[in-house]
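Engineer: Take a look at the following structure, please.
The values are calculated or read from the model by the stated rules, or taken from the named source; none is laboratory data. Computed from a predicted structure; not experimentally measured. Positions of Cβ are generated from backbone atoms using ideal geometry, with glycine treated the same way; all protein chains shown enter the neighbour counts.
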């Protein structure tokens, strides 16, 4: 028997509340399907780079978060490239899946981690 899934809109609201409670700026960039839309999270670490994470199934069939675009940065040029790479990935995915949610989080201290 599969585990019941929380509606995406409720899960996104919970993530925003978690960020708010930790004083981490977060915003919904694109609202998707409230019941079952996928989610991309753009995490901007400011001077440490920018990455996009998405929920995927691992080898055991468990849902986990994986970096799908962007990455760490050691200098300003790498920061710019990581953010551009992240934005390009999000744009491509939105063209494929209009039901997708996109959340952007500014987390220079690396405090935020999405829950499954």
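Engineer: Would you mind telling me which numbered condition in (1) surrounded by 16 or more Cβ atoms within 10 Å (Cβ to Cβ); (2) modelled with pLDDT under 95; (3) assigned to a helix (DSSP H, G or I) residue 114 fails?
Structural biologist: The single condition residue 114 does not satisfy is (3).
Engineer: Still on this structure, I have one more. Return the pairs, sorted by first residue and then second, in which the second residue is loosely packed, with under 15 Cβ neighbours inside 10 Å and in a loop (DSSP other than H, G, I, E, B), the first residue lies in the range 27-44 and is free of Cβ contacts under 8 Å to residues at least 40 places away in the same chain and at negative phi, the beta carbons are less than 8 Å apart, and the residues are 6+ apart or on different chains.
Structural biologist: Sorted first by the residue in the range 27-44, then by its partner, the pairs are 34/7; 35/7.
Engineer: Just the residues that are over 14 Å from residue 103 (Cβ atoms) and either surrounded by 12 or more Cβ atoms within 10 Å (Cβ to Cβ) or touching a residue at least 60 places away in the same chain (Cβ under 8 Å) (or both), please, taken from the range 7-26. Let's see the steps before the verdict.
Structural biologist: At the first step, the residues of the range 7-26 found to be over 14 Å from residue 103 (Cβ atoms) are 7, 21-23.
Passing the criteria: 7, 22.
Engineer: Follow-up. Of everything in the range 69-102, what is on the phi < 0 side of the Ramachandran plot and assigned to a strand (DSSP E or B)? Give them in sequence order.
Structural biologist: 69, 72, 101, 102
Engineer: Given the conditions (1) closer than 19 Å to residue 70 by Cα; (2) touching a helix residue (DSSP H, G or I) at 6+ places or on another chain (Cβ under 8 Å); (3) loosely packed, with under 13 Cβ neighbours inside 10 Å, report the number of the one that residue 56 does not fulfil.
Structural biologist: (2)
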